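Worksheet: the structure to be examined is printed underneath.
The values are calculated or read from the model by the stated rules, or taken from the named source; none is laboratory data. What you see is a predicted model; the values in this text were computed from it and never measured. Virtual Cβ from ideal backbone geometry, glycine too; neighbours counted across all protein chains shown. Please note that ligands, DNA and RNA were not included when accessible areas were found on the heavy atoms of the full protein model with its side chains. Shrake-Rupley method; radii C 1.70, N 1.55, O 1.52, S 1.80 Å.
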Amino acid sequence: QVQLVESGGGLVQAGGSLRLSCAASGRTFSRYAMGWFRQAPGKERAFVAAINRSGGTTYYADFVKGRFTISRDNAKNTVYLQMNSLKPEDTAVYYCAADEFTVLKSDPGDYGSWGQGTQVTVSS
């Protein structure tokens, strides 16, 4: 499995931006499709975005389309989530995940490797 470490979370006002990073180690990063998920208190973990191995294909949850962008740098073994126009309802712990499939997936149960999460809090 690949080891994942998220960073970049924090407190931001509504309308602001944050960029999350997820650094991978332990296996060949370019073998993995990557996903971002989030979990708010009392709610299930929800899909946010995914990107394929090369970075050429992305997939987003409807509630982040046009606001969030997922990208990756295989030379740096890192995947990013650029979050713009943040809303208080985006407040959650954000997790990155990885697995060696070629078709992008949104079910957290399909991902075998997870980071520890990073807290994002959006104030109104």
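Out of the strands (runs of 3 or more DSSP E) lying entirely within the stretch 29-124, which hold 1 or more residues that are without any contact (Cβ under 8 Å) to a residue 60 or more places away in the chain?
46-51, 58-60, 68-73, 78-83, 92-99
Looking at the structure I just gave you, is residue 40 out of contact with any Leu (no Cβ under 7 Å at 6 or more places or on another chain) and farther than 14 Å from residue 5 by Cβ?
Numbers: out of contact with any Leu (no Cβ under 7 Å at 6 or more places or on another chain): yes; farther than 14 Å from residue 5 by Cβ: yes.
For residue 40, the condition - out of contact with any Leu (no Cβ under 7 Å at 6 or more places or on another chain) and farther than 14 Å from residue 5 by Cβ - is met.
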- Considering the stretch 41-67 alone, what residues qualify as being closer than 20 Å to residue 86 by Cα, within 15 Å of the chain's Cα centre (by Cα) and among the charged types (D, E, K, R)? 45, 62, 65, 67
- Message: Take the conditions among the hydrophobic types (A, V, I, L, M, F, W, C) and within 23 Å of residue 103 (Cα to Cα) and apply them to residue 92. Does it pass?
- Response: no
- Task: Using the structure shown, decide if residue 48 is of a type in the set (Val, Ile, Thr), touching a helix residue (DSSP H, G or I) at 6+ places or on another chain (Cβ under 8 Å), modelled with pLDDT of 95 or more and open to solvent by less than 60 Å² (accessible area, probe 1.4 Å).
- Result: yes
- Number of positions in the stretch 8-28 that are modelled with pLDDT under 95, closer than 21 Å to residue 110 by Cβ and in contact with a strand residue (DSSP E or B) (Cβ under 8 Å, 6 or more places away or on another chain): 1
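Of all residues in the stretch 82-121, how many are more than 21 Å from residue 43 (Cα to Cα) and within 12 Å of the chain's Cα centre (by Cα)?
2
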- Where residues in the stretch 88-104 are open to solvent by 10 Å² or more (accessible area, probe 1.4 Å) and in contact with a helix residue (DSSP H, G or I) (Cβ under 9 Å, 6 or more places away or on another chain), which of them is nearest to residue 117 (Cα to Cα)? 95
